[in-house]
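Here's the structure, in C-alpha cells; my notes come after.
The values are calculated or read from the model by the stated rules, or taken from the named source; none is laboratory data. Quantities reported herein were computed from a predicted structural model and do not represent experimental measurements. Here the Cβ positions follow ideal geometry from the backbone for every residue, glycine too, while neighbour counts run over all protein chains shown.
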Amino acid sequence: MSKKRIVFKVGTSTLCHAGKGLNFRNIEGLARALADVKNAGNEVVLVSSGAIGAGVGRLNLPERPRELRLTQAVAAVGQCELLHIFDKFFGEYGATVGQILLTKDDVERPAGRQNLLGTFETLLSLGVIPIVNENDSVAFEEIESEHHVFGDNDTLSAIVATLIGADMLVILSDSDGLFDGDPRRDASVKLIPIVEEIDARIEAMAGGAGSALGTGGMATKVAAARIAVAAGIDVIVTHGADPRNIYAAAAGEKVGTLFRRRL
Ligand code: GLU
C-alpha cells in the first residue's frame, strides 16, 4: 500500500446518538482505525463535527439550540468534551492528537493560509493526527444559516484537504454513500459506486436534508466533493459506523461512493 496523506471527515450523526450523548462505540472504532491507518505509514487528518451535538448531551438540553449565543456556548462545552474523549481513545492506541479550530479568516487571508499550512505540516511531521473543527464559539458564520462561510464541516474538510494537498478525502457519513434515490424512503435504490463527473443529475440524487443535530446531508457532501475533485483529490463517501470502511478507503479498495478526481 502506498503512503498517502488522507483527510477523514466525521459528522455528528456518527459521533453522537440520535437522542443525545456521545456514541462511544463509533468514536472508539474511529480512533482505533485512524491510529492504525497512521501506523501503516499514512498521514492522517481528522475534520470532526460534533461539538454542538456533544454539548447538547453534556448540558442535558432538550434539543440543538436555535439561538446563536446559546449555540456558541454549547459548542464551547461540547468541543472540550469531544477532544477529551478523542485524546483518550486515540491515546489508547498510541496516537497523539492536536486540536485546530478555524475561522474563515485563517483560511481566506493568504498570510493566514500560509501560517495554517505550516502548522499542519509541522504537526504531521511530528506524527500527530490534527483534529479540525470550525471555531464555532468565535465564528458565527457557520452556525448562523444566512452567512455561510464554510457552511458545514463537509465543505471545511474539502478546504482543508485542498490546503494541505491531500491525496484523498474520506467523508464518513450515516449513509453507505450516494444512492440513485433516497434510501430512507425507498428500499429499491442503488448505491452509485463511482462518480466521474458531478453534474445536475448527481446533485439531484443528493437531495437536501441533514440530521437533527448536524447540519450536513448528502447535498453538502457532493458540494464538498466538487471542491476536492477539482483540486485533484479523490473523495470517498462511506458509512462511519463500520471501521472496516476506513481501512478499505485507505487501502484504495472499493467502498461507498468514489468521486474521482479531475486530473
Ligand atoms: N461545527 C459544528 C459542530 O462541531 C458542525 C458543523 C456540521 O454539522 O457540519 O458541531
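Here are a few things to note about the model shown:
- Some residue of region 209-216 being buried (at least 19 other Cβ atoms within 10 Å of the Cβ), of a type in the set (Val, Ile, Thr) and modelled with pLDDT of 95 or more: no
- Of the criteria (1) part of a helix (DSSP H, G or I); (2) at pLDDT below 95; (3) of a type in the set (A, V, I, L, M), which one residue 124 fails: (2)
- Taken together, the residues in region 53-84 that are surrounded by 24 or more Cβ atoms within 10 Å (Cβ to Cβ) and in contact (Cβ under 8 Å) with a residue 60 or more places away in the chain amount to 4.
- Region 22-40 - residue that is among the small types (Gly, Ala, Ser) and in contact with a Pro (Cβ under 7 Å, 6 or more places away or on another chain) and, of those, farthest from residue 248 (Cα to Cα): 29
- Residue count for region 72-124 under the criterion of being under 15 Å from residue 135 (Cβ atoms) and within 16 Å of the ligand (Cβ to nearest atom): the result is 19.
- The lone exception for residue 35 - which of (1) touching a residue at least 40 places away in the same chain (Cβ under 8 Å); (2) within 13 Å of the ligand (Cβ to nearest atom) it fails: (2)
- Unmet criterion (only one of (1) part of a strand (DSSP E or B); (2) within 17 Å of residue 13 (Cα to Cα); (3) among the small types (Gly, Ala, Ser)) for residue 78: (1)
- Among the residues of region 41-50, some residue qualifies, meaning at least one is modelled with pLDDT of 95 or more and in contact with a Pro (Cβ under 6 Å, 6 or more places away or on another chain).
- When region 1-22 is filtered for residues that are buried (at least 20 other Cβ atoms within 10 Å of the Cβ), within 16 Å of the ligand (Cβ to nearest atom) and assigned to a strand (DSSP E or B), the ones remaining, listed by number, are 7, 8, 9, 10, 16.
- From 40, 31, residue being surrounded by 15 or more Cβ atoms within 10 Å (Cβ to Cβ) and hydrophobic (A, V, I, L, M, F, W, C): 31
- Residue that is within 16 Å of the ligand (Cβ to nearest atom) and either under 16 Å from residue 82 (Cβ atoms) or not in a loop (DSSP other than H, G, I, E, B) (or both), where the choices are 44, 56: 56
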